[in-house]
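> Attaching a single structure in structure tokens format; questions to follow.
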Amino acid sequence: MPSSDHIPPSFFIIGERKCGTSSLYRYLVQHPNVLPCCLKEPNFFGKGEKYVAKNIAQYWSFFPKKDATTDRSFIWPELNQEGILYEEKITVPRLSNQTYITGEASANTFYDVAPTLVKKYLPDIRLILLLRNPVDRAFSHHRMYQRFQEEGRDLGFKVNSFEEDILAEIKLIQKGGKGNYLSPGIYLSTLKKWQAVFGKSAMKIYFTEDLKNPIKAQKILEDLQLFLNLPDYNYGNYLNKRFNKAPSASFSPTLRSKLAAFYNPYNEALFSYLGESRHWV
């Protein structure tokens, strides 16, 4: 059971990685009735069932105390457009006569975590999922791991060129294996697992490409206000901001075409399931 001292989370942005979860979370926290988690991405449930069971009290402590009246501050690691990682202190005002909700965003959750584990501790949570063109998502994911490797992090595997790694993963997946970069973008099979546990009504699904458009982003936030029982709020020019945005880069059109062909049957199945019509190439 959640701690009686802390506000339990009402929403959870579960992913997917490199799909705009940082921006969407910052937009939500901008709402005057939303208080943030103390960590940008706790990745708590990704640490495994035994860890979660042993440390669940720590998880509840990530969220604001019910009786606190001071402003809520937390440190936000941010990547600027020059590729430089820095930390920004974010302060969210808290009023004594205001009703608040809170929530978190851990983008690895959708693909890496069993939905039954989340359901066990957060049975009534509202789930939010962002999906991006899987070709662009895979490229961005690979660039992130390249940066991690350059920083000296121990990834447990070597990151090569995008083309080398992706061509190897295509062969691996075609043989029934899983890849670090391509498999997370095969969305439908994972989505069905989450919906089987939580039900379709407990999840909202949006597209990264829409979040980049301020007009469409405002509609997404309006929809989330209804989903989370929040008062109306106009985000205005704040929706022009982007968070954790890496410098622009590209890869060969030939490899993009190969990747688009690889993902095409998976995308068609996804869009048919969702009743959507998207042109991801």
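> Does PHE110 count as under 30 Å from PRO8 (Cα atoms), of a type in the set (A, V, I, L, M, F, W, C) and touching a residue at least 40 places away in the same chain (Cβ under 8 Å)?
In short, yes.
> Against the condition in a loop (DSSP other than H, G, I, E, B), loosely packed, with under 15 Cβ neighbours inside 10 Å and hydrophobic (A, V, I, L, M, F, W, C), how does ALA249 come out, does it pass?
So ALA249 fits the description; yes.
> Filter segment 196-219 for residues that are part of a helix (DSSP H, G or I) and touching a Phe, Trp or Tyr at 6+ places or on another chain (Cβ under 8 Å); which is surrounded by the fewest Cβ atoms within 10 Å (Cβ to Cβ)?
GLN218
> Here's a follow-up. Please go through segment 92-117 and give me each residue that is of a type in the set (A, V, I, L, M, F, W, C) and touching a Leu at 6+ places or on another chain (Cβ under 8 Å), ordered by number.
Within segment 92-117, VAL92, ILE101, ALA105, PHE110 meet the criteria.
> So which pairs qualify, if the first residue must be in segment 182-207 and more than 20 Å from LYS18 (Cβ to Cβ), the second must be among the polar types (S, T, N, Q), the Cβ gap must be under 7 Å, and the two must be at least 6 apart or on different chains?
Note: pairs meeting the criteria are VAL197/THR116.
> If PHE207 satisfies every condition in (1) in contact with a strand residue (DSSP E or B) (Cβ under 6 Å, 6 or more places away or on another chain); (2) over 26 Å from TYR273 (Cβ atoms) but one, which is the exception?
All conditions pass for PHE207, except number (2).
> Counting just the residues of segment 42-58 that are free of Cβ contacts under 8 Å to residues at least 60 places away in the same chain and of a type in the set (A, V, I, L, M, F, W, C), which one comes out nearest to PHE110 (Cα to Cα)?
ALA53
> Which residue, of LEU85, LEU39, LEU117, is surrounded by fewer than 19 Cβ atoms within 10 Å (Cβ to Cβ), under 29 Å from HIS141 (Cα atoms), without any contact (Cβ under 8 Å) to a residue 12 or more places away in the chain and among the hydrophobic types (A, V, I, L, M, F, W, C)?
It is LEU85.
> What's the total number of residues in segment 222-236 that are outside any helix (DSSP H, G or I) and in contact with a helix residue (DSSP H, G or I) (Cβ under 9 Å, 6 or more places away or on another chain)?
Total satisfying the criteria: 7.
> Scan segment 28-72 for residues that are outside any loop (DSSP other than H, G, I, E, B) and among the β-branched types (Val, Ile, Thr) and jot them down.
Matches in segment 28-72: VAL29, VAL34, VAL52, ILE56.
> A follow-up question, please. Go through ILE14, ILE75 for me and flag whichever is closer than 16 Å to ILE128 by Cα and not in a helix (DSSP H, G or I).
Result of the check over ILE14, ILE75: ILE14.
> Within segment 5-31, can you find the residues that are hydroxyl-bearing (Ser, Thr, Tyr) and surrounded by fewer than 24 Cβ atoms within 10 Å (Cβ to Cβ)?
Correct list: SER10, SER22, SER23, TYR27.
> Another one. Between a first residue in segment 1-30 that is free of Cβ contacts under 8 Å to residues at least 60 places away in the same chain and a second residue that is in a helix (DSSP H, G or I) and buried (at least 23 other Cβ atoms within 10 Å of the Cβ), which pairs have beta carbons less than 9 Å apart while being 6 or more apart in sequence or on different chains?
Every condition considered, no pair remains.
> Go over the candidates GLU222, GLU163, GLU169 one by one and state the one that is buried (at least 16 other Cβ atoms within 10 Å of the Cβ) and among the acidic types (Asp, Glu).
Exactly one of GLU222, GLU163, GLU169 is buried (at least 16 other Cβ atoms within 10 Å of the Cβ) and among the acidic types (Asp, Glu), namely GLU169.
> Same structure, new question: Considering (1) at pLDDT below 95; (2) surrounded by fewer than 17 Cβ atoms within 10 Å (Cβ to Cβ); (3) in a helix (DSSP H, G or I), say which one LYS193 fails and leave the rest.
(1)
> Does PRO231 satisfy the condition of being exposed (fewer than 13 other Cβ atoms within 10 Å of the Cβ), touching a residue at least 40 places away in the same chain (Cβ under 8 Å) and either closer than 29 Å to LYS119 by Cα or within 21 Å of the chain's Cα centre (by Cα) (or both)?
yes
The values are calculated or read from the model by the stated rules, or taken from the named source; none is laboratory data. Small disclaimer: the values here were computed from a predicted structure and weren't measured. Note that each Cβ is placed from the backbone with ideal geometry, even for glycine, and that neighbours are counted across all protein chains shown.
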